[in-house]
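Okay, so here's the structure we're looking at.
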Amino acid sequence: MDRIAALEETAWINPGRIPCSQAIAQCPLTLADVRDASDRLERFAPYFRKVFPETIPTGGILESPLRPIPKMEQSLEAESGKKIPGKLWIKLDSHLPISGSIKARGGIYEVLYTAEQIALKEGLLKPGDSYEKFDSPEMRELLSNYSIAVGSTGNLGLSIGIMSAKLGFRVTVHMSADARQWKKDMLRSKGVTVVEYESDYSIAVAEGRRQAQSNPYCHFVDDENSKTLFLGYAVAALRLKKQLEEANIPVDDRHPLFVYLPCGVGGGPGGVSFGLKLVFGDNAHCFFAEPTHSSCMLLGMATGLNNAISVQDLQVDNLTIADGLAVGRASGFVGKVMAPFMSGCYSLEDRRMYHMLAQLADCEDIFLEPSALAGMYGPLLLAQGGGLSSYPAQAGISPEAMAHSTQLVWATGGSMVLYPEAMAHLKKGSTVIWLQTPFSQLEKRMPADLYDRGI
(Lines give C-alpha, C1' and ligand atoms only; values in the text may rest on other atoms or scores of the structure.)
Protein backbone atom coordinates (compact mmCIF):
# COMPACT_ATOMS: atom_id res chain seq x y z
CA MET A 1 0.00 0.00 0.00
CA ASP A 2 2.92 2.33 0.69
CA ARG A 3 4.26 1.75 -2.82
CA ILE A 4 0.87 2.39 -4.40
CA ALA A 5 0.40 5.57 -2.33
CA ALA A 6 3.86 6.74 -3.40
CA LEU A 7 2.96 6.14 -7.09
CA GLU A 8 5.78 3.61 -7.42
CA GLU A 9 5.63 0.88 -10.04
CA THR A 10 4.52 -2.23 -8.16
CA ALA A 11 4.27 -5.94 -8.97
CA TRP A 12 2.10 -8.40 -7.03
CA ILE A 13 1.74 -12.17 -7.32
CA ASN A 14 -1.62 -13.56 -6.23
CA PRO A 15 -1.19 -15.90 -3.22
CA GLY A 16 -4.86 -16.88 -3.50
CA ARG A 17 -4.59 -18.53 -6.91
CA ILE A 18 -5.79 -22.15 -6.76
CA PRO A 19 -5.89 -25.03 -9.27
CA CYS A 20 -8.14 -24.13 -12.14
CA SER A 21 -10.47 -27.11 -11.69
CA GLN A 22 -11.23 -25.98 -8.12
CA ALA A 23 -11.73 -22.36 -9.16
CA ILE A 24 -14.11 -23.34 -11.96
CA ALA A 25 -16.12 -25.56 -9.62
CA GLN A 26 -16.88 -22.63 -7.31
CA CYS A 27 -17.61 -20.11 -10.09
CA PRO A 28 -21.24 -19.29 -11.00
CA LEU A 29 -20.37 -18.98 -14.71
CA THR A 30 -19.45 -21.89 -16.97
CA LEU A 31 -18.02 -22.74 -20.37
CA ALA A 32 -21.60 -23.37 -21.53
CA ASP A 33 -22.38 -19.72 -20.78
CA VAL A 34 -19.41 -18.60 -22.88
CA ARG A 35 -20.43 -20.87 -25.76
CA ASP A 36 -23.97 -19.47 -25.60
CA ALA A 37 -22.51 -15.96 -25.98
CA SER A 38 -20.37 -17.13 -28.90
CA ASP A 39 -23.41 -18.65 -30.61
CA ARG A 40 -25.34 -15.39 -30.21
CA LEU A 41 -22.55 -13.43 -31.88
CA GLU A 42 -22.58 -15.90 -34.77
CA ARG A 43 -26.34 -15.41 -35.18
CA PHE A 44 -25.70 -11.69 -35.63
CA ALA A 45 -22.97 -12.28 -38.25
CA PRO A 46 -25.32 -11.79 -41.26
CA TYR A 47 -26.41 -8.45 -39.79
CA PHE A 48 -22.83 -7.30 -39.34
CA ARG A 49 -21.90 -8.30 -42.90
CA LYS A 50 -24.79 -6.19 -44.16
CA VAL A 51 -24.39 -2.99 -42.10
CA PHE A 52 -20.64 -2.99 -41.36
CA PRO A 53 -18.82 -3.88 -44.63
CA GLU A 54 -15.49 -3.97 -42.79
CA THR A 55 -16.64 -7.25 -41.20
CA ILE A 56 -17.16 -9.02 -44.55
CA PRO A 57 -13.60 -10.46 -44.64
CA THR A 58 -14.24 -12.20 -41.29
CA GLY A 59 -17.74 -13.37 -42.23
CA GLY A 60 -19.43 -10.91 -39.89
CA ILE A 61 -17.45 -12.07 -36.86
CA LEU A 62 -15.77 -9.34 -34.81
CA GLU A 63 -12.22 -10.57 -34.31
CA SER A 64 -8.71 -9.14 -34.21
CA PRO A 65 -5.35 -10.27 -35.60
CA LEU A 66 -2.73 -12.21 -33.66
CA ARG A 67 0.87 -11.59 -34.71
CA PRO A 68 4.46 -12.03 -33.51
CA ILE A 69 6.47 -8.90 -32.72
CA PRO A 70 10.12 -10.09 -32.87
CA LYS A 71 11.64 -6.65 -33.48
CA MET A 72 9.86 -5.27 -30.43
CA GLU A 73 11.04 -8.26 -28.43
CA GLN A 74 14.64 -7.59 -29.46
CA SER A 75 14.32 -3.88 -28.69
CA LEU A 76 12.89 -4.50 -25.21
CA GLU A 77 15.67 -6.98 -24.44
CA ALA A 78 18.44 -4.74 -25.74
CA GLU A 79 17.17 -1.75 -23.80
CA SER A 80 16.53 -3.56 -20.50
CA GLY A 81 19.36 -6.08 -20.56
CA LYS A 82 16.81 -8.81 -19.75
CA LYS A 83 15.93 -11.91 -21.74
CA ILE A 84 12.18 -12.29 -22.28
CA PRO A 85 11.29 -15.96 -21.84
CA GLY A 86 9.72 -17.62 -24.88
CA LYS A 87 8.37 -15.64 -27.83
CA LEU A 88 6.53 -12.31 -27.79
CA TRP A 89 3.17 -11.93 -29.56
CA ILE A 90 0.50 -9.25 -29.65
CA LYS A 91 -3.29 -9.61 -29.80
CA LEU A 92 -4.55 -6.58 -31.70
CA ASP A 93 -7.92 -5.84 -30.14
CA SER A 94 -6.87 -2.29 -30.98
CA HIS A 95 -7.98 -3.17 -34.50
CA LEU A 96 -11.32 -4.84 -33.80
CA PRO A 97 -13.98 -3.71 -36.29
CA ILE A 98 -16.56 -1.03 -35.50
CA SER A 99 -15.06 0.59 -32.40
CA GLY A 100 -11.36 -0.31 -32.43
CA SER A 101 -10.89 -1.59 -28.89
CA ILE A 102 -11.43 -4.57 -26.61
CA LYS A 103 -14.75 -2.95 -25.65
CA ALA A 104 -16.09 -4.07 -29.03
CA ARG A 105 -16.28 -7.51 -27.43
CA GLY A 106 -18.26 -7.00 -24.22
CA GLY A 107 -19.93 -3.68 -25.00
CA ILE A 108 -21.27 -4.63 -28.42
CA TYR A 109 -22.26 -8.07 -27.16
CA GLU A 110 -24.45 -6.69 -24.37
CA VAL A 111 -26.21 -4.34 -26.81
CA LEU A 112 -26.86 -7.27 -29.16
CA TYR A 113 -28.11 -9.42 -26.29
CA THR A 114 -30.52 -6.66 -25.24
CA ALA A 115 -31.77 -6.12 -28.79
CA GLU A 116 -32.35 -9.85 -29.26
CA GLN A 117 -34.36 -10.15 -26.05
CA ILE A 118 -36.59 -7.21 -27.00
CA ALA A 119 -37.14 -8.49 -30.55
CA LEU A 120 -38.06 -11.98 -29.33
CA LYS A 121 -40.39 -10.61 -26.67
CA GLU A 122 -42.16 -8.32 -29.14
CA GLY A 123 -42.50 -11.04 -31.79
CA LEU A 124 -40.43 -9.36 -34.51
CA LEU A 125 -37.83 -12.13 -34.27
CA LYS A 126 -38.45 -15.86 -34.16
CA PRO A 127 -35.98 -18.73 -33.68
CA GLY A 128 -34.46 -19.63 -37.03
CA ASP A 129 -34.90 -16.16 -38.54
CA SER A 130 -31.99 -14.46 -40.25
CA TYR A 131 -30.64 -11.70 -38.06
CA GLU A 132 -30.49 -9.45 -41.12
CA LYS A 133 -33.94 -8.55 -39.80
CA PHE A 134 -32.24 -6.14 -37.42
CA ASP A 135 -31.48 -3.95 -40.45
CA SER A 136 -35.13 -3.16 -41.16
CA PRO A 137 -37.35 -0.11 -40.57
CA GLU A 138 -39.69 -2.18 -38.39
CA MET A 139 -36.89 -3.33 -36.10
CA ARG A 140 -35.34 0.12 -35.81
CA GLU A 141 -38.76 1.59 -35.01
CA LEU A 142 -39.26 -1.01 -32.27
CA LEU A 143 -35.84 -0.42 -30.72
CA SER A 144 -36.28 3.36 -30.88
CA ASN A 145 -38.79 2.95 -28.05
CA TYR A 146 -35.97 1.72 -25.82
CA SER A 147 -32.86 3.39 -24.43
CA ILE A 148 -29.34 2.22 -23.66
CA ALA A 149 -27.17 4.03 -21.10
CA VAL A 150 -23.60 3.50 -19.93
CA GLY A 151 -20.90 5.21 -17.86
CA SER A 152 -17.49 5.25 -19.49
CA THR A 153 -13.97 6.65 -19.58
CA GLY A 154 -14.10 6.44 -23.38
CA ASN A 155 -13.78 3.15 -25.27
CA LEU A 156 -16.76 1.36 -23.72
CA GLY A 157 -18.85 4.42 -24.51
CA LEU A 158 -17.68 4.27 -28.14
CA SER A 159 -18.66 0.63 -28.58
CA ILE A 160 -22.01 0.98 -26.80
CA GLY A 161 -22.83 4.25 -28.55
CA ILE A 162 -21.93 3.21 -32.09
CA MET A 163 -23.69 -0.15 -31.86
CA SER A 164 -26.81 1.11 -30.07
CA ALA A 165 -27.29 3.99 -32.50
CA LYS A 166 -26.89 1.70 -35.51
CA LEU A 167 -29.63 -0.61 -34.20
CA GLY A 168 -31.98 2.30 -33.52
CA PHE A 169 -31.79 2.59 -29.74
CA ARG A 170 -31.79 5.98 -28.07
CA VAL A 171 -28.46 6.00 -26.28
CA THR A 172 -26.82 8.11 -23.57
CA VAL A 173 -23.15 7.84 -22.61
CA HIS A 174 -22.10 9.34 -19.27
CA MET A 175 -18.45 10.32 -19.73
CA SER A 176 -15.93 10.93 -16.96
CA ALA A 177 -13.60 13.91 -16.96
CA ASP A 178 -10.65 11.88 -18.26
CA ALA A 179 -12.45 10.78 -21.45
CA ARG A 180 -10.72 12.15 -24.56
CA GLN A 181 -12.56 14.93 -26.39
CA TRP A 182 -12.39 13.20 -29.76
CA LYS A 183 -14.29 10.24 -28.35
CA LYS A 184 -17.06 12.54 -27.15
CA ASP A 185 -17.13 14.28 -30.53
CA MET A 186 -17.29 11.01 -32.42
CA LEU A 187 -20.21 9.77 -30.32
CA ARG A 188 -22.14 12.98 -30.84
CA SER A 189 -21.56 12.68 -34.60
CA LYS A 190 -23.37 9.31 -34.43
CA GLY A 191 -26.42 10.83 -32.74
CA VAL A 192 -25.45 9.73 -29.24
CA THR A 193 -26.27 11.90 -26.21
CA VAL A 194 -23.05 12.50 -24.26
CA VAL A 195 -23.29 13.73 -20.67
CA GLU A 196 -19.99 15.05 -19.33
CA TYR A 197 -18.83 15.04 -15.70
CA GLU A 198 -16.01 16.90 -14.01
CA SER A 199 -15.43 13.91 -11.74
CA ASP A 200 -14.05 10.44 -12.43
CA TYR A 201 -15.40 7.16 -13.77
CA SER A 202 -17.16 6.00 -10.59
CA ILE A 203 -19.34 9.12 -10.44
CA ALA A 204 -20.23 8.88 -14.14
CA VAL A 205 -21.30 5.27 -13.67
CA ALA A 206 -23.28 5.99 -10.50
CA GLU A 207 -25.14 8.88 -12.10
CA GLY A 208 -25.86 6.93 -15.28
CA ARG A 209 -27.16 4.02 -13.24
CA ARG A 210 -29.36 6.32 -11.15
CA GLN A 211 -30.95 7.99 -14.16
CA ALA A 212 -31.58 4.67 -15.92
CA GLN A 213 -33.36 3.20 -12.88
CA SER A 214 -36.20 5.69 -13.29
CA ASN A 215 -36.94 4.53 -16.86
CA PRO A 216 -38.33 0.98 -17.32
CA TYR A 217 -37.50 1.15 -21.04
CA CYS A 218 -33.84 1.95 -20.42
CA HIS A 219 -31.15 -0.72 -20.13
CA PHE A 220 -28.04 0.35 -18.23
CA VAL A 221 -24.82 -1.40 -19.24
CA ASP A 222 -23.15 -1.80 -15.87
CA ASP A 223 -19.42 -2.22 -16.46
CA GLU A 224 -18.90 -2.83 -12.75
CA ASN A 225 -21.36 -5.70 -12.34
CA SER A 226 -22.60 -7.05 -15.69
CA LYS A 227 -22.33 -10.81 -16.26
CA THR A 228 -23.49 -10.29 -19.85
CA LEU A 229 -20.64 -7.90 -20.57
CA PHE A 230 -18.21 -10.30 -18.88
CA LEU A 231 -19.32 -13.23 -21.07
CA GLY A 232 -18.94 -11.17 -24.22
CA TYR A 233 -15.30 -10.62 -23.35
CA ALA A 234 -14.82 -14.29 -22.47
CA VAL A 235 -15.69 -15.38 -26.03
CA ALA A 236 -12.24 -14.05 -27.02
CA ALA A 237 -10.67 -17.17 -25.51
CA LEU A 238 -12.52 -19.51 -27.89
CA ARG A 239 -11.35 -17.42 -30.84
CA LEU A 240 -7.76 -17.18 -29.55
CA LYS A 241 -7.57 -20.96 -29.21
CA LYS A 242 -8.32 -21.32 -32.90
CA GLN A 243 -5.80 -18.62 -33.84
CA LEU A 244 -3.05 -20.26 -31.78
CA GLU A 245 -3.77 -23.62 -33.42
CA GLU A 246 -3.60 -22.03 -36.88
CA ALA A 247 -0.22 -20.51 -35.93
CA ASN A 248 1.00 -23.92 -34.65
CA ILE A 249 1.46 -22.57 -31.13
CA PRO A 250 0.77 -25.26 -28.51
CA VAL A 251 -0.49 -24.43 -25.04
CA ASP A 252 0.22 -27.15 -22.48
CA ASP A 253 2.37 -27.74 -19.41
CA ARG A 254 5.51 -27.65 -21.58
CA HIS A 255 4.35 -24.56 -23.49
CA PRO A 256 2.62 -22.21 -21.03
CA LEU A 257 0.73 -19.12 -22.15
CA PHE A 258 1.30 -15.80 -20.37
CA VAL A 259 -1.18 -13.02 -21.08
CA TYR A 260 -0.89 -9.37 -20.03
CA LEU A 261 -4.07 -7.31 -20.08
CA PRO A 262 -4.55 -3.57 -19.42
CA CYS A 263 -7.10 -3.11 -16.63
CA GLY A 264 -9.56 -0.34 -15.83
CA VAL A 265 -12.57 -1.42 -13.79
CA GLY A 266 -11.74 -5.04 -14.68
CA GLY A 267 -14.55 -6.27 -16.93
CA GLY A 268 -12.51 -6.67 -20.12
CA PRO A 269 -9.40 -8.32 -18.68
CA GLY A 270 -11.51 -10.29 -16.23
CA GLY A 271 -13.76 -11.73 -18.92
CA VAL A 272 -10.90 -12.56 -21.26
CA SER A 273 -8.89 -14.17 -18.44
CA PHE A 274 -11.87 -16.19 -17.27
CA GLY A 275 -12.37 -17.52 -20.78
CA LEU A 276 -8.67 -18.36 -21.10
CA LYS A 277 -8.74 -20.32 -17.84
CA LEU A 278 -11.80 -22.25 -19.02
CA VAL A 279 -10.09 -23.11 -22.32
CA PHE A 280 -6.46 -23.64 -21.25
CA GLY A 281 -6.78 -24.36 -17.53
CA ASP A 282 -3.63 -24.10 -15.43
CA ASN A 283 -1.51 -23.55 -18.55
CA ALA A 284 -2.82 -19.98 -18.95
CA HIS A 285 -1.35 -17.32 -16.66
CA CYS A 286 -3.05 -13.91 -16.68
CA PHE A 287 -1.67 -10.63 -15.32
CA PHE A 288 -3.54 -7.32 -15.12
CA ALA A 289 -1.69 -4.06 -15.89
CA GLU A 290 -2.64 -0.62 -14.55
CA PRO A 291 -1.26 2.94 -14.39
CA THR A 292 0.44 3.87 -11.12
CA HIS A 293 -2.17 6.61 -10.66
CA SER A 294 -5.12 4.22 -11.09
CA SER A 295 -4.04 0.80 -9.81
CA CYS A 296 -7.45 -0.06 -8.35
CA MET A 297 -7.47 -3.80 -9.13
CA LEU A 298 -3.96 -4.22 -7.74
CA LEU A 299 -5.02 -2.39 -4.58
CA GLY A 300 -8.28 -4.29 -4.15
CA MET A 301 -6.79 -7.72 -4.78
CA ALA A 302 -3.57 -7.25 -2.79
CA THR A 303 -5.40 -5.94 0.28
CA GLY A 304 -8.25 -8.43 -0.02
CA LEU A 305 -10.70 -5.52 0.25
CA ASN A 306 -11.77 -5.78 -3.41
CA ASN A 307 -14.11 -2.86 -4.21
CA ALA A 308 -14.31 -1.73 -0.59
CA ILE A 309 -11.19 0.37 -1.20
CA SER A 310 -10.28 2.93 -3.86
CA VAL A 311 -7.01 4.58 -4.86
CA GLN A 312 -8.45 7.87 -3.62
CA ASP A 313 -8.49 6.36 -0.12
CA LEU A 314 -4.68 6.51 -0.38
CA GLN A 315 -4.80 10.09 -1.72
CA VAL A 316 -3.89 8.85 -5.20
CA ASP A 317 -5.40 11.22 -7.80
CA ASN A 318 -6.58 8.70 -10.47
CA LEU A 319 -5.23 10.99 -13.22
CA THR A 320 -3.52 9.24 -16.12
CA ILE A 321 -3.05 9.58 -19.87
CA ALA A 322 -4.41 6.02 -20.09
CA ASP A 323 -8.03 7.19 -20.17
CA GLY A 324 -9.51 3.71 -20.52
CA LEU A 325 -7.70 2.65 -17.36
CA ALA A 326 -8.52 5.75 -15.25
CA VAL A 327 -10.61 3.95 -12.65
CA GLY A 328 -10.21 4.43 -8.91
CA ARG A 329 -12.33 1.52 -7.65
CA ALA A 330 -12.33 -1.96 -9.19
CA SER A 331 -15.38 -4.05 -10.03
CA GLY A 332 -16.46 -6.07 -7.01
CA PHE A 333 -18.00 -8.70 -9.27
CA VAL A 334 -14.82 -9.16 -11.32
CA GLY A 335 -12.58 -9.10 -8.26
CA LYS A 336 -14.59 -11.86 -6.62
CA VAL A 337 -14.69 -14.05 -9.73
CA MET A 338 -11.00 -13.58 -10.56
CA ALA A 339 -9.57 -13.96 -7.04
CA PRO A 340 -8.78 -17.70 -7.47
CA PHE A 341 -7.84 -17.42 -11.18
CA MET A 342 -5.61 -14.36 -11.50
CA SER A 343 -1.84 -14.79 -11.53
CA GLY A 344 -1.05 -11.24 -10.49
CA CYS A 345 -1.13 -7.49 -11.15
CA TYR A 346 1.40 -4.77 -11.77
CA SER A 347 1.45 -1.02 -12.28
CA LEU A 348 3.53 1.20 -14.55
CA GLU A 349 4.09 4.90 -15.08
CA ASP A 350 2.50 6.91 -17.88
CA ARG A 351 5.91 7.77 -19.28
CA ARG A 352 6.67 4.07 -19.69
CA MET A 353 3.47 3.64 -21.74
CA TYR A 354 4.45 6.60 -23.92
CA HIS A 355 7.95 5.14 -24.22
CA MET A 356 6.69 1.75 -25.46
CA LEU A 357 4.09 3.37 -27.74
CA ALA A 358 6.85 5.01 -29.77
CA GLN A 359 9.05 1.92 -29.47
CA LEU A 360 6.33 -0.35 -30.91
CA ALA A 361 5.64 2.08 -33.76
CA ASP A 362 9.36 2.25 -34.49
CA CYS A 363 9.89 -1.51 -34.40
CA GLU A 364 6.69 -2.95 -35.82
CA ASP A 365 4.70 -0.12 -37.45
CA ILE A 366 1.90 -0.70 -34.93
CA PHE A 367 0.31 2.52 -33.65
CA LEU A 368 -1.73 2.29 -30.46
CA GLU A 369 -3.12 4.57 -27.75
CA PRO A 370 -1.07 4.80 -24.52
CA SER A 371 -3.32 2.57 -22.40
CA ALA A 372 -2.90 -0.29 -24.88
CA LEU A 373 0.81 -0.47 -24.05
CA ALA A 374 0.24 -1.30 -20.37
CA GLY A 375 0.56 -5.02 -21.09
CA MET A 376 3.89 -4.63 -22.89
CA TYR A 377 5.81 -4.22 -19.64
CA GLY A 378 4.69 -7.58 -18.26
CA PRO A 379 7.11 -9.85 -20.13
CA LEU A 380 10.04 -7.81 -18.80
CA LEU A 381 8.74 -8.15 -15.24
CA LEU A 382 8.59 -11.92 -15.70
CA ALA A 383 12.20 -12.02 -16.92
CA GLN A 384 15.03 -12.76 -14.52
CA GLY A 385 15.41 -9.88 -12.10
CA GLY A 386 11.94 -8.51 -12.80
CA GLY A 387 9.21 -7.92 -10.24
CA LEU A 388 7.34 -11.07 -11.29
CA SER A 389 10.39 -13.28 -11.85
CA SER A 390 9.61 -15.52 -8.87
CA TYR A 391 6.23 -16.46 -10.34
CA PRO A 392 7.28 -19.40 -12.58
CA ALA A 393 8.89 -21.26 -9.67
CA GLN A 394 5.87 -20.56 -7.45
CA ALA A 395 3.58 -21.88 -10.21
CA GLY A 396 5.72 -24.99 -10.73
CA ILE A 397 6.85 -24.02 -14.25
CA SER A 398 10.28 -25.32 -15.23
CA PRO A 399 12.95 -23.16 -16.91
CA GLU A 400 12.63 -25.39 -19.98
CA ALA A 401 8.89 -24.73 -20.18
CA MET A 402 9.49 -21.00 -19.76
CA ALA A 403 11.89 -21.08 -22.71
CA HIS A 404 9.06 -22.49 -24.83
CA SER A 405 6.36 -20.18 -23.48
CA THR A 406 4.19 -17.73 -25.40
CA GLN A 407 4.18 -14.17 -24.06
CA LEU A 408 1.00 -12.48 -25.31
CA VAL A 409 0.43 -8.75 -24.91
CA TRP A 410 -3.24 -7.77 -25.27
CA ALA A 411 -3.41 -4.44 -27.12
CA THR A 412 -6.75 -2.98 -26.10
CA GLY A 413 -7.24 0.13 -28.24
CA GLY A 414 -5.84 2.62 -30.71
CA SER A 415 -7.09 2.25 -34.28
CA MET A 416 -9.92 4.76 -33.82
CA VAL A 417 -7.67 7.51 -32.48
CA LEU A 418 -7.81 10.50 -34.80
CA TYR A 419 -4.61 11.39 -36.62
CA PRO A 420 -3.68 14.60 -34.73
CA GLU A 421 -3.95 12.95 -31.32
CA ALA A 422 -2.16 9.81 -32.49
CA MET A 423 0.64 12.02 -33.78
CA ALA A 424 0.81 13.87 -30.46
CA HIS A 425 1.14 10.57 -28.58
CA LEU A 426 3.89 9.44 -30.93
CA LYS A 427 5.79 12.69 -30.61
CA LYS A 428 5.52 12.57 -26.82
CA GLY A 429 6.84 9.02 -26.78
CA SER A 430 9.67 9.81 -29.16
CA THR A 431 11.07 12.42 -26.76
CA VAL A 432 11.70 9.87 -24.03
CA ILE A 433 13.47 7.16 -26.02
CA TRP A 434 16.17 6.86 -28.63
CA LEU A 435 14.49 5.70 -31.84
CA GLN A 436 16.02 3.63 -34.59
CA THR A 437 14.06 5.78 -37.04
CA PRO A 438 14.08 9.60 -36.99
CA PHE A 439 10.72 10.98 -35.94
CA SER A 440 10.30 12.79 -39.27
CA GLN A 441 10.44 9.43 -41.08
CA LEU A 442 8.34 7.61 -38.48
CA GLU A 443 5.63 10.22 -38.89
CA LYS A 444 5.41 9.41 -42.61
CA ARG A 445 4.98 5.71 -41.83
CA MET A 446 1.88 6.26 -39.71
CA PRO A 447 -1.12 4.81 -41.61
CA ALA A 448 -3.25 7.94 -41.81
CA ASP A 449 -6.25 6.05 -43.16
CA LEU A 450 -6.56 4.21 -39.85
CA TYR A 451 -6.97 7.48 -38.02
CA ASP A 452 -9.39 9.25 -40.33
CA ARG A 453 -12.75 7.91 -39.20
CA GLY A 454 -16.03 9.18 -37.96
CA ILE A 455 -16.03 12.96 -37.74
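Structure notes:
- For the set K133/K184; K50/K184; K50/K133; K103/K241; K91/K242, the pairs lying more than 22 angstrom apart at their alpha carbons are K133/K184; K50/K184.
- Cα-based helix-to-principal-axis angle, 155-167 vs the chain, degrees rounded to 10: 30 degrees
- Beta bridges by DSSP in the chain, antiparallel share as percent, to the nearest 5: 20 percent
- Size of charge dipole - the chain - debye, nearest 20, with Cβ of Lys, Arg +1 and Asp, Glu -1, no other charges: 520 debye
- Taking every protein chain into account, the accessible area of segment 325-393 amounts to 23 square angstrom per residue (probe 1.4 Å).
- Span per principal axis, largest first, for the Cα atoms of the chain (Å): 62, 53, 46
- Helix 31-43 axis versus longest C-alpha principal axis of the chain: approximately 50°, rounded to the nearest ten.
- Nearest-ten-degree value, helix 227-246 long axis tilted from longest Cα axis of the chain: 60 degrees
- For the chain, with +1 on Lys and Arg beta carbons and -1 on Asp and Glu, the positive-most of V150, S80, L238 along the dipole: L238
- The residue among A374, M402, L360 whose Cα reaches farthest toward the positive pole of the charge dipole of segment 349-402, with charges on the beta-carbon of Lys, Arg, Asp and Glu, is M402.
- Residue-normalised accessible area of segment 224-301, expressed per residue, 1.4 Å probe, Å²: 24 Å²
- Virtual spin-label span in nm between E54 and S189, 7 Å along Cα→Cβ: 1.2 nm
- Charge dipole (debye, nearest 20) of segment 85-153; +1 at Cβ of Lys and Arg, -1 at Cβ of Asp and Glu: 440 debye
- Among N215, Y201, S390 - extreme Cα towards positive end, dipole of the chain, charges at beta-carbon: N215
- Near M163: Cβ cut-off under 12 Å, other residues only, Lys/Arg at +1 and Asp/Glu at -1. The net charge is +3.
- Carbon and sulfur %, accessible surface of the chain computed with the full protein complex present, 1.4 Å: 50 percent
- Placing dummy labels 7 Å off each Cα toward the beta-carbon, the span from K242 to T431 is 4.5 nm.
- Residues listed by number, segment 309-342, amide nitrogen under 13 Å from E421 label point at 7 Å toward C-beta: 321-325
- The relative contact order of the chain, computed from alpha carbon pairs under 8 Å that lie at least 6 residues apart in sequence, is 21 percent.
- Zone residues, segment 385-410, relative to D253, backbone N less than 20 Å from point 7 Å out along Cα-to-Cβ: 391-406
- Point-charge dipole on Cβ atoms (K/R +1, D/E -1) for segment 5-45, about Cα centre, debye to 20: 180 debye
- Computed from the alpha carbon positions, the gyration tensor of segment 232-292 leads to an equivalent ellipsoid with semi-axes of 21, 13, 10 Å, biggest first.
- Compared with the direct C-alpha span, the chain from E196 to E400 gains 68.2 nm at full extension, assuming 0.36 nm per residue.
The values are calculated or read from the model by the stated rules, or taken from the named source; none is laboratory data. Because the structure is predicted, anything quoted here is derived from the model rather than measured. For neighbour counting, all protein chains shown are included, and Cβ atoms are generated from backbone atoms with ideal geometry for every residue, glycine included. Remember, those area values only see protein heavy atoms, side chains included, never the ligands or the DNA or RNA. Shrake-Rupley method; radii C 1.70, N 1.55, O 1.52, S 1.80 Å.
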